[in-house]
Amino acid sequence: MSTISVVIPALNEEKNIAKIIEYVKHSSIVDELIIVDNNSTDNTREIVRKHGIEPLVCEKRGKGYAMEYGLKQVKGDIVLFTDADISNYAPDFIDKMVKPILDNECDFVKATFSREGGRVTELVAKPLLELTFPELTEYSQPLSGIIAGRKDLFNKIKFEKDYGVDIGILIDCYKLNSRMKEVNIGKIKNDSQDWKDLTHMAREVSKSILKRSGLLHTK
């Protein structure tokens, strides 16, 4: 029987981290919960400890670093990565994400949802995918960081270290001919980013797509 690990990268998430820890703890199908603290400067680490979990500390800043660090520690056959800044996960969120994999319908699941924002998705990611990987334009939230997959699949992927990690995983799974599916998890609320952060995100997302298309060569 497959086992399930949940990995949550967290950077300065003192506002929401307790809520998501308790949420995951109440799931009857999760075997392991790993919180990767990405060198927070607030009380994230202390709050995690108060809820009975010793956080892994990834000192290299960058979501991809934190995800990769957590992946190296997981014991489960199926890994669910999710975000720490979402305050309204639906009760059946975890079940929806992992059921298609448990049922052997697919190897990789990416969440879709309704929320405000999505500027980098609409203005950068989707247009670039249309030009480079048109088969992936069916994914309505290609930058979603809420994903689940088989651990052995994730182990074959090179994780980008910054904002390009999520789109990079999607493209790499496609290039590995994985069975992929998008699952709707409803409406979510998360923190909006300012324009400075969005500019950096757009650059990293573009780089991740162009590298995998062969149009950009980096060392």
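For the stretch 57-62, putting each phi into the Karplus relation 6.51 cos²θ - 1.76 cosθ + 1.60 with θ = phi - 60° gives couplings of 10, 9, 6, 7, 5, x Hz, in residue order, rounded to whole numbers and with x for Gly and Pro.
Largest mean-square fluctuation among Asn12, Asn155, Asn104, in a Gaussian network model of the chain whose springs join Cα atoms under 10 Å apart, belongs to Asn104. Legend: residue pairs Lys99/Lys151; Lys156/Lys211; Lys60/Lys99; Lys156/Lys187; Lys15/Lys207; Lys72/Lys126, Cα-Cα distance threshold 26 Å; pairs beyond threshold, Lys60/Lys99; Lys156/Lys187; Lys15/Lys207; Lys72/Lys126.
Across the alpha-carbon set of the chain, the Rg to Rh ratio works out to 0.93, Rh being the Kirkwood radius.
Within the same chain, lysines fewer than 8 places from Lys19 are excluded, and of the rest, those with a Cα less than 16 Å from its Cα are Lys50, Lys189.
Any idea how far apart Thr3 and Asp31 come out in nm if each label point goes 7 Å out from Cα toward Cβ? Inter-label distance under the simple model: 0.4 nm. Per-residue Cβ neighbour counts within 10 Å put Arg212, Arg179 in the sequence Arg179, Arg212, beginning with the fewest. Distance between the C-alpha centres of the stretch 104-166 and the stretch 1-77: 21 Å, rounded to the whole angstrom.
Amide H contacts of Ile34: Val6, Val7, Ile8, each under 5 Å away and 5 or more positions distant or on a separate chain (H built 1.01 Å from N in the peptide plane; Pro and chain starts excluded).
Once R0 is set to 25 Å, what does the formula 1/(1 + (r/R0)^6) return for the Cβ-Cβ distance between Arg49 and Asn155, expressed as a FRET efficiency to the nearest 0.05? Efficiency, from the Cβ-Cβ distance: 0.30. Membrane-span-like helices in the chain, defined here as complete DSSP H runs extending at least 24 Å along the helix axis by their C-alpha atoms with mean Kyte-Doolittle hydropathy no lower than -0.5, are absent; this is a sequence and geometry rule, not a statement about a membrane. May I ask you to list the residues of the stretch 156-185 whose amide nitrogen lies under 15 Å from a point 7 Å from Cα along the Cα→beta-carbon direction of Asn104? Flagged as within label range: 179. Our estimate of slack between Lys72 and Leu131, defined as 0.36 nm per intervening residue step minus the Cα-Cα distance, is 17.9 nm. Taking the fewest neighbouring Cβ atoms within 10 Å as the starting point, the ordered list for Cys58, Cys173, Cys106 is Cys106, Cys58, Cys173.
Counting other Cβ atoms within 10 Å as a rough exposure proxy, the listed residues Ile53, Ile35 run Ile53, Ile35 from fewest neighbours to most.
By DSSP, the beta bridges lying fully in the chain are antiparallel in about 30 percent of cases.
We did not get these values from a lab; they are worked out from the coordinates using the rules stated. Model, not experiment: these values are computed from the prediction. Using ideal geometry, Cβ is built from the backbone for each residue, glycine included, and neighbour counts are taken over all protein chains shown.
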